[in-house]
Each structure stands twice: as structure tokens, then as C-alpha cells.
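Below: one structure, written as C-alpha cells.
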Amino acid sequence: GIRRFVRHRAHTVGANAFLVALVQAARKICSRGGDDALEEWRSAAACARGRFRPDGYGCYRHAGSRFGFFLEYDRGTERPGDYAAKLAAYYRYRDSGSAARDYDGFPTLLLVSISDTAEARFAHQVYLAHQQHGSAALSVLLTTSRRIEAHAEGVLGPVWRAPSTIDFGMDQVRGYGPPG
């Protein structure tokens, strides 16, 4: 009922806020003579394939290069098993050959979470999924909405990290993510 609607609405607002931040960052760079742009955006419905259901797909252009990404916006409401199932769907989709027909190279997975704890939980599940699947690891970058909002360069700043196995609560080395 209403509780599910409110959760879904908050999730949609959060995912859209990431896109708005990306477009604003591109405009800021263009105002200084750059050529950045969010060239493409596909909604969750447009890129869903069976159980593979990212929150969307985007392609960002920076300095003539294109960077494709899947977005996962996480409000910290999912359990580790939910993350594991989500990542298994990414591996199945990538390894099935369907992704090669839909995309030029498999896009990077960008996870934007609302908390450090949820980010760490997801990072740990990325590590476990790679161990389980044994194939080439998915390209994954993680951050929090708070880090994006707090940094002067926003979504294009050094707010991203790669997954690792370091214990929860340990801040990871952060760097520039896509496309920097």
C-alpha cells in the first residue's frame, strides 16, 4: 500500500537526484570550455532483462571519451541476500551474451547509497559474488549521496571507491570515478 509507494517514491527521487547532479556537473564543465554531457539515459524499465533490473543505464561523455554505466541507487533497505541476488543477475546477464548485443562493452556498475554502512555491505557482496562466479570481476564503483553532495566537484569529484574486503567502518581510499 502506501508504505511501498513512499519507499518507491524516495528511491526514484534519489536515483533522479544522481542524474541531475551528473547533468549539472557536465554543464559546469561546459561553462569552462569542456564538452561533457550525459549523452544517453535509459530508464529502469528500458534496460531490464528478466531478473536483471538496474535503476537505469547512462552514457557520459568527457573529453571525447564515452563512459557507460548502470546505476544502482540504494536506500540501505536491502539485506545482504538481496544484494547477492542483484549481483548474480548482473553476472548472468553479462555472461549470457545478451549484454554484448545491448551494449558496446559491459558498463561499469555505479552504486550510490545513502549510508556508509550500506555501501560497505554492498562492497562485501561484490567481493563474494566475484569469488563465487570466478569469471572476470564486474567493474564497480561505490559512493554515498552524502559524499557527492559534500564535495565541491560533486559526482565527478574524488568520492568514488572500488569494492574491497576491508572490514566495515573502515573508510576506503577514494578517487575520481567516471569519467575522471
**Prompt:** Quick one: in region 67-180, what % of C-alpha pairs are over 16 Å apart?
**Reply:** 58
**Prompt:** Put +1 on the Cβ of every Lys and Arg and -1 on every Asp and Glu Cβ in the chain; which of 142, 90, 1 then has its Cα farthest towards the positive end of the dipole?
**Reply:** 1
**Request:** Provide the net charge surrounding residue 70, with neighbours chosen by a C-beta distance below 12 Å and charges set as Lys +1, Arg +1, Asp -1, Glu -1.
**Result:** +2
**Prompt:** Which FRET efficiency value, to the nearest 0.05, do you get for residue 135 and residue 164 by plugging their Cβ-Cβ distance into 1/(1 + (r/R0)^6) with R0 = 25 Å?
**Reply:** 0.85
**Request:** Please give the net charge around residue 128, taking every other residue with its beta carbon less than 14 angstrom from that of residue 128, where Lys and Arg add +1 and Asp and Glu add -1.
**Result:** +2
**Request:** Could you order peptides 133-141, 56-64 by the average number of other Cβ atoms within 10 Å of their residues, highest first?
**Result:** 56-64, 133-141
**Asked** Add -39500 (n - 2.57) for each DSSP H run of 4 or more in the chain, then divide by its residues: what number comes out at 222 nm, to the nearest 500 deg cm²/dmol?
**Response** -14000 deg cm²/dmol
**Prompt:** Charges only on Cβ, +1 for Lys and Arg, -1 for Asp and Glu: so what's the dipole of the chain about the Cα centre, in debye to the nearest 20?
**Reply:** 520
**Fill in**
With +1 on the Cβ of every Lys and Arg and -1 on the Cβ of every Asp and Glu, the dipole magnitude of region 53-159 about its Cα centre, in debye rounded to the nearest 20, is 160
**Request:** List every residue whose amide H lies under 5 Å from the amide H of residue 144, counting only residues 5 or more places away in sequence or on a different chain, with H placed 1.01 Å from N in the peptide plane.
**Result:** 113
**Item:** Distance cut-off 20 Å, percentage of C-alpha pairs in region 1-122 lying past it
**Value:** 49
**Asked** Using a simple spin-label model with points 7 Å from Cα along the Cα→Cβ vector, what separation in nm is obtained for residue 85 and residue 3?
**Response** 1.8
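Readers should treat all values here as calculations from the given coordinates under stated rules, not as data from a laboratory. Bear in mind that the values here come from a model prediction, so they are computed numbers and not experimental data. With ideal geometry, Cβ positions are generated from the backbone for all residues, glycine too; neighbour counts draw on all protein chains shown.
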